[in-house]
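Take a look at the structure below.
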Amino acid sequence: MPSQCVISYGTAYHHLFGKKYNMKEQHHPPFWAQRFIAWYCKPELAEDLIGDLNEYFERNVQTIGPHRAKLIYTIDALKFLRSYTIQRPKFANLFINWIMIRSYIKTSGRNVMRNKLFSSINIVGLAISMSVGLLLIAFVLDLHSYDRFHKNGERIYRITNILTSNNEQSSKFASTSIKTGKLIRQKVTGIEDVTIVRDFSQDAKVGDNILPVKGYWAEPSLFRIFTFPMLEGNRDKALKDPYSIVLTETTARKLFGNESALGKAIQFDTLTYQVTGVMKDVPFFSHINFEALVSLSTAEQLNKSDRNFEKWTNMGLNYVYLLLSQNTNMAAIQSQLNVIAKEENLAQENSRIQLELLPLYEIVVGENLRDMRGSVRVHMPPVMLWILGGLALVVILSACFNYTNLSIARAMRRFKEVGIRKAIGAGKSQIRQQFLTEAIMISLASLILSFFIFLVLRPQLIDLAPEMQRTVKLEITSSMIVTFVIFSVTVGVIAGFMPAIFFSKISAINALRNVSSVKVYKHITLRRALVVIQYTFTLIFITTTAIGYVQYKNILAFDLGFNTENILNINMQGNKPDALLKELSEIPEVTALSRSLIITSVGNAWGGYMKYKDSHDSVLVLTNNIDENYLTLHDYKLIAGGNFMAHPTTTAAASEVIVNQQVLKRFNIANNNPEEAIGEEITFSNAQGHGRKMTIVGVMKDFHYGKVNNLIEPVAFMPWTPEDRTIINAKIKSTDMLATMAKIESTWKKIDRIHPFQAEFYEEAIEDAYSEFSSMIKIIGFLSFLAISIASMGLFGMVVFTTETRLKEISIRKVMGASSSNLIYLLSRDFLLLLSISALIALPVTYFFFKNVILTNFPYHTPVQIAELFVGLLTVLFIAFIMIGSQTMKAARSNPAKILKSE
């Protein structure tokens, strides 16, 4: 019994909080606690227990206040949960419920079999749409499987660099500097471990066996942060000493066969490395993939004379990962990173760098980042998942609308069933359960069919783009199966929700009323509203595909400002180009040759900072290193000056530069006069901060260095030197391109028997650069096909039902002299009106969406044409005409005598 307090003048004070309560105010015990007692307590005890607790509650409200009184009431309700108070389970009720469920299933099955046409439309429509949902579920599950095998994955972060130039242009990079990692290790608290990795790619030689190996220079701490199991060797010491290397299981087998690789020697160039460990192959779902790990201390020894190796701004090939301590304050870590960046940026003239933390699980599904070399990692932007999810949802809802439409359209045939059920005592909940059970059964039947469609579509999705093959596997797992079943039940509930609500509200007396009395808005029936919504989304899909396809083709055919036709770009992969150039020049089909550092207009970028005279304004300028044949081979247009005259052998010795018009405009060189700009001197600094004076020897017309969705920017061409990596550009003129390519490939094998031939025509490279855009169009086009198929099946079902219900009316009209064309117009008028409303909504929405959202990202796009807008509408109208016309013609040709003989 709680202690009592004296109450005076109708007031009580909560002494802990000093709150005043009015005794006239009504306070009630927690409702859920009362229900909980009634649920578990024996009936003979529950009434007395609740009564006593209510009495104590009223006293506690007066003495200690309502909040504490409710808390005590809840605690007491839980305290009385004892073995002697718990009531026995009502097996009879459970048995009755099971009988009812069996009844629902049996009745639903009979109804499905009795209406084969409508059931088939619903099952096929849901199966087609659900297959898209299954693909999306499998895709998302794969993406969220990345890096989950690491034991401490939730505490692993990668450092992101934000590079900002003097003109406030900012770019985010996945890479950072080696110095960043070392400073974090020295100065930042709250971190358990740090590891630095750096890109590594060389040819490994074991005896006569030579194998290209890609991986990372790495520290021993990598094995402490990441969970990469070691098969042989000590993981704590394997990467400690210089010239030590850890191989993956597959790489070790390729180099040493079935022999143990541990302790064996591998030669890279002239240096010998010792195998100090063999680890399991890196799992597919890892954002970092490698064939070998080489001790970072080796790279430090090899580059000890290079002052830029550990420079703050040298962030092109390095990555830093942190393992945070348990319960670390993220804000405190970030503030320490800010201090490091502020101190290091004081010595920088052209730019400043900020450091940010990126969680391991957000590297793949997160913001798209690049390193300074432009290497694209496995990545999927979250916005892309939302877009794909939204598109899939629209297709699924379209099939659900079909189910709702056909269910409510057949309402007249089921009113009597519902009325009889209610007359014999069925409540609203039982009616809802009946129709939800029916929808879930159809959905589960659709799941079986959709799973087979999923198996057919899965390889098509994976082969859609090369990135897909490197990103997902879509293999069937137990968790995926469970998710599929949950998804199917959810779709069934969504599809059956509106019919269940609709039929549960029908009274037994009014069971024969027409469904058209159910309205969403004042003058629009539910069925018509759903048809309009369904066809609006279908038209948006089709119109989007048409516009996107035209824009994509225009991008591929866009005038970049130079020629790309029949130009083959050959990656030398570290080989010297002279020998291959000599061999290629002897092939008759090769008409011209040049050398370059990178391939422009496909997303690759190289650059540095440029200054003019004594200006403090430093501008990021995009660059490419080319030889004297490059401009002629690609038909660049020089508007002033000429080609390179000197042939420097080192980058530092290069003193000539060819710029585009944007450089003149940006610095106002010679008042933007190309002729007068020749001979002007600029200062160019690369990413490592090396600056040199260069003389403008030529001015070329502006061209698209980046993709078409980028504005034309300042560009400078530098002389190619033997220090640079090499892309050979070969102009080919051939009537038999396959035979010519075979000649070139055989020539490559004379030069390099180890590396596979890597070459791509310029136009193919441009197509690959826009592969994401192309893949999105293909996906939307595929979804458009599914949407129009599902909508057409629904329309067909509605037309069949309408025709059947109006057959007597049609017969009477025929007897009265109506022609077939009049009957077709009569039956199709309502459907065509709904399609017109859909068109009036969909076409303006699509047009303004492209004009104000999508195409704003493409400054050089072509305007949307009227034909592109109406191609979808004409397609839908054509299909609708076939659906409606076939059924109305069938009804119009029927014999009125047979139909009206019983009247």
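The values are calculated or read from the model by the stated rules, or taken from the named source; none is laboratory data. Because the structure is a prediction, the values reported are computed rather than measured. For neighbour counting, all protein chains shown are included, and Cβ atoms are generated from backbone atoms with ideal geometry for every residue, glycine included.
Restricting Lys422, Lys428 to those that are more than 30 Å from Ile779 (Cβ to Cβ) and loosely packed, with under 15 Cβ neighbours inside 10 Å reduces the list to Lys428. Screening Thr328 against (1) in a helix (DSSP H, G or I); (2) among the hydroxyl-bearing types (Ser, Thr, Tyr); (3) surrounded by fewer than 21 Cβ atoms within 10 Å (Cβ to Cβ) leaves a single unmet condition, (1).
Kindly check whether there is at least one residue in segment 151-163 that is among the hydroxyl-bearing types (Ser, Thr, Tyr), out of contact with any Gly (no Cβ under 6 Å at 6 or more places or on another chain) and under 16 Å from Arg352 (Cα atoms). Scanning segment 151-163, I find at least one residue that is among the hydroxyl-bearing types (Ser, Thr, Tyr), out of contact with any Gly (no Cβ under 6 Å at 6 or more places or on another chain) and under 16 Å from Arg352 (Cα atoms), so the answer is yes.
Within segment 218-241, being under 30 Å from Gly574 (Cα atoms) and in contact with an Asp or Glu (Cβ under 8 Å, 6 or more places away or on another chain) holds for Pro220, Leu239.
On the basis of being surrounded by fewer than 18 Cβ atoms within 10 Å (Cβ to Cβ) and out of contact with any Asp or Glu (no Cβ under 9 Å at 6 or more places or on another chain), does Ile837 make the cut? Answer is yes for this residue. Cβ-Cβ distances below 9 Å connect the following pairs, each with a first residue in segment 773-784 that is among the hydroxyl-bearing types (Ser, Thr, Tyr), a second residue that is outside any helix (DSSP H, G or I), and a separation of six or more residues or different chains: Ser774/Leu464; Ser774/Ala465; Ser775/Leu464; Ser775/Ala465.
Being more than 34 Å from the chain's Cα centre (by Cα) and in a loop (DSSP other than H, G, I, E, B) is a description that applies to Lys576. The one condition from (1) in contact (Cβ under 8 Å) with a residue 24 or more places away in the chain; (2) under 26 Å from Asp578 (Cα atoms); (3) surrounded by fewer than 18 Cβ atoms within 10 Å (Cβ to Cβ) that Lys749 does not meet is (1). Exactly one residue out of Ser516, Ser488, Ser479 is at pLDDT below 85 and either small (Gly, Ala, Ser) or more than 24 Å from Val418 (Cβ to Cβ) (or both): that is Ser516.
Among the candidates Val197, Val278, the residue that is over 30 Å from Met380 (Cα atoms), touching a helix residue (DSSP H, G or I) at 6+ places or on another chain (Cβ under 7 Å) and surrounded by 18 or more Cβ atoms within 10 Å (Cβ to Cβ) is uniquely Val278. In the set (1) within 33 Å of the chain's Cα centre (by Cα); (2) under 17 Å from Arg158 (Cα atoms); (3) among the hydrophobic types (A, V, I, L, M, F, W, C); (4) surrounded by 14 or more Cβ atoms within 10 Å (Cβ to Cβ), the condition left unmet by Phe284 is number (2). The C-beta contact set for segment 637-650 (first residue farther than 10 Å from Val699 by Cα, second residue hydrophobic (A, V, I, L, M, F, W, C) and assigned to a loop (DSSP other than H, G, I, E, B), distance under 8 angstrom, 6+ apart or interchain) comprises Ala646/Ala654; Pro648/Ala654. The residue that is surrounded by the fewest Cβ atoms within 10 Å (Cβ to Cβ), counting only those in segment 124-151 that are touching a Ser or Thr at 6+ places or on another chain (Cβ under 8 Å) and either on the phi > 0 side of the Ramachandran plot or outside any helix (DSSP H, G or I) (or both), is Lys151.
Among the residues here, Phe881 does not qualify as without any contact (Cβ under 8 Å) to a residue 60 or more places away in the chain, out of contact with any Pro (no Cβ under 9 Å at 6 or more places or on another chain) and more than 28 Å from Tyr403 (Cα to Cα). Of all residues in segment 806-825, those being in a helix (DSSP H, G or I) and over 47 Å from the mean Cα position of the chain (by Cα) number 13. The set of residues in segment 185-206 being in contact with a Leu (Cβ under 9 Å, 6 or more places away or on another chain) and farther than 19 Å from Asp241 by Cβ consists of Val188, Gly190, Ile191, Glu192, Asp193, Val194, Asp199, Asp203, Lys205, Val206. A Cβ distance below 8 Å, combined with a sequence gap of six or more or placement on separate chains, defines the contacts here; from segment 136-161, residues that are under 21 Å from Arg470 (Cβ atoms) reach residues that are in a strand (DSSP E or B) in the pairs Asp147/Ile156; His150/Ile156; Arg158/Tyr319; Arg158/Val320; Arg158/Tyr321; Arg158/Leu322; Arg158/Leu357; Arg158/Leu358. Considering segment 840-855, and only residues there that are among the aliphatic types (A, V, I, L, M) and touching a Gly at 6+ places or on another chain (Cβ under 9 Å), the residue that is surrounded by the fewest Cβ atoms within 10 Å (Cβ to Cβ) turns out to be Ile854. The criterion of at least 3 residues that are hydrophobic (A, V, I, L, M, F, W, C) and either over 37 Å from the mean Cα position of the chain (by Cα) or within 24 Å of Ser165 (Cβ to Cβ) (or both) is met by the following strands (runs of 3 or more DSSP E) wholly inside segment 642-755: 656-660, 691-700, 715-719.
Screening Ala605 on (1) surrounded by fewer than 21 Cβ atoms within 10 Å (Cβ to Cβ); (2) more than 24 Å from Thr683 (Cβ to Cβ) shows it passes everything except condition (2).
When each of Ser479, Ser488 is tested for being among the hydroxyl-bearing types (Ser, Thr, Tyr), in contact (Cβ under 8 Å) with a residue 60 or more places away in the chain and exposed (fewer than 13 other Cβ atoms within 10 Å of the Cβ), the lone residue that passes is Ser479. In this structure, does Pro648 turn out to be assigned by TED's automatic domain parsing to the domain that holds Ile712, crowded, with 20+ Cβ neighbours inside 10 Å and not acidic (Asp, Glu)? In short, no.
For every residue, the table says whether it meets (1) of a type in the set (Gly, Ala, Ser); (2) assigned by TED's automatic domain parsing to the domain that holds Val657; (3) over 21 Å from Lys665 (Cα atoms); (4) out of contact with any strand residue (DSSP E or B) (no Cβ under 9 Å at 6 or more places or on another chain).
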site	(1), (2), (3), (4)
Thr564	no, no, yes, no
Leu581	no, no, yes, no
Leu584	no, no, yes, no
Ile598	no, yes, yes, no
Asp614	no, yes, no, yes
Asn624	no, yes, no, no
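The numbered conditions (1) farther than 20 Å from Val197 by Cβ; (2) under 31 Å from the mean Cα position of the chain (by Cα) are all true for Glu291 except (1).
Checked against the criterion of being over 21 Å from Arg595 (Cβ atoms) and buried (at least 19 other Cβ atoms within 10 Å of the Cβ), the candidates Ala730, Ala739, Ala791 yield just one match: Ala791. Looking only at residues of segment 385-418 that are among the small types (Gly, Ala, Ser) and modelled with pLDDT of 70 or more, we find that the one that is surrounded by the fewest Cβ atoms within 10 Å (Cβ to Cβ) is Gly390. Within segment 297-319, one or more residues are of a type in the set (Gly, Ala, Ser), more than 30 Å from Tyr361 (Cβ to Cβ) and loosely packed, with under 15 Cβ neighbours inside 10 Å.
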